[in-house]
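First up is the structure itself, then whatever we jot down about it.
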Ligand code: 5GP
Ligand code: 5GP
């Protein structure tokens, strides 16, 4: 009798265990959530994006956070550290402020963009030594991260890795934000503060659209300009959002970057971790 009751109890426990395992795996299949830090969700049911945001980063702000150097980090190029806005990524976005990510599996292959390398190193360098997570578990390069997370969601406008990078470089060259700001008197400075409204107006006058500006405290971190699917400029959705944490104060700075001694730092940190 006691044996029968124990057997029944064991059966019940096994059933509960099975149901739990099945529900967890169903959830994982649905969201594609991956283990590890810097988790990226691979949602398989994402609709087509609405518009593109070209996200540009200001090295003067990003590089101030540089604590150590490695050969791939453009903040460590000494006097060759970039002094213009460089590319962060071309991001397909939705009109409601959200965005798709990691839309299908296409592992980044640097060989596919070997003919673009000079432009990539100069205008789309990584400003960090970190290895970002790829969509499917591993860690990879900044370029790989941008292609897998954002590039794969640019379909049907952009369908492959080479097109993603060459298209992004081309629209970057056609919209020289650094030059627009320079001509309006907004240049890198560690002492000047500029009116945010003046910076936005300079870009509005040049491209007839309102950009999104992201700050780290009072320093401009990123400027995003947005495009319809045919690459005609349009307003960014975030351009009206002045309530978010990343919105800028009324007066902002465009910091110069005092380069670290690149050579010395690379010698101190020989491993590119
Ligand atoms: P952060 O929290 O640094 O603004 O953003 C982290 C990452 O989220 C970005 O590098 C980018 O991959 C993604 N992200 C942030 N804002 C946007 C956005 O407006 N559109 C898209 N597509 N991705 C974004
Ligand atoms: P996102 O913020 O685009 O989703 O992720 C960017 C990832 O790439 C982060 O893990 C970040 O540490 C890494 N990363 C490498 N180089 C850069 C860079 O130049 N800019 C930014 N924003 N992130 C970079």
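Please determine whether any residue of region 163-172 is in contact with a helix residue (DSSP H, G or I) (Cβ under 8 Å, 6 or more places away or on another chain), in contact (Cβ under 8 Å) with a residue 40 or more places away in the chain and not in a helix (DSSP H, G or I). So far as region 163-172 goes, no, none of its residues is in contact with a helix residue (DSSP H, G or I) (Cβ under 8 Å, 6 or more places away or on another chain), in contact (Cβ under 8 Å) with a residue 40 or more places away in the chain and not in a helix (DSSP H, G or I).
Please go through region 179-213 and pick out each residue that is within 16 Å of ligand 1 (Cβ to nearest atom) and in a loop (DSSP other than H, G, I, E, B). Passing the criteria: 209, 210, 211.
In region 216-264, the qualifying residues are those that are more than 21 Å from residue 58 (Cβ to Cβ) and touching a helix residue (DSSP H, G or I) at 6+ places or on another chain (Cβ under 9 Å), and the one that is modelled with the highest pLDDT is 231. Considering region 90-101, the residues that are in a loop (DSSP other than H, G, I, E, B) and within 11 Å of ligand 2 (Cβ to nearest atom) include one that is farthest from residue 53 (Cα to Cα), namely 101. Within region 67-89, the set of residues being within 30 Å of residue 234 (Cα to Cα) and within 11 Å of ligand 2 (Cβ to nearest atom) comprises 82, 86, 87, 88, 89.
Kindly indicate the residue of region 102-117 that is assigned to a helix (DSSP H, G or I) and touching a helix residue (DSSP H, G or I) at 6+ places or on another chain (Cβ under 9 Å) and also farthest from ligand 1 (Cβ to nearest atom) among those meeting that condition.
Ranking the qualifying residues of region 102-117, first place goes to 115.
Inspect region 168-177 for any residue being within 16 Å of ligand 1 (Cβ to nearest atom) and under 19 Å from the mean Cα position of the chain (by Cα) and give the result as yes or no. Yes, there is a match, as at least one residue in region 168-177 is within 16 Å of ligand 1 (Cβ to nearest atom) and under 19 Å from the mean Cα position of the chain (by Cα).
The numbered conditions (1) within 18 Å of the chain's Cα centre (by Cα); (2) outside any helix (DSSP H, G or I); (3) surrounded by 15 or more Cβ atoms within 10 Å (Cβ to Cβ) are all true for residue 137 except (3).
Is it fair to say residue 206 is in contact with a strand residue (DSSP E or B) (Cβ under 6 Å, 6 or more places away or on another chain) and at pLDDT 95 or above?
The answer is no for residue 206.
The values are calculated or read from the model by the stated rules, or taken from the named source; none is laboratory data. Fair warning: this is a prediction, and the values are worked out from it, not measured in the lab. Here the Cβ is made from the backbone with ideal geometry for all residues, glycine too, and neighbour counts use every protein chain on show.
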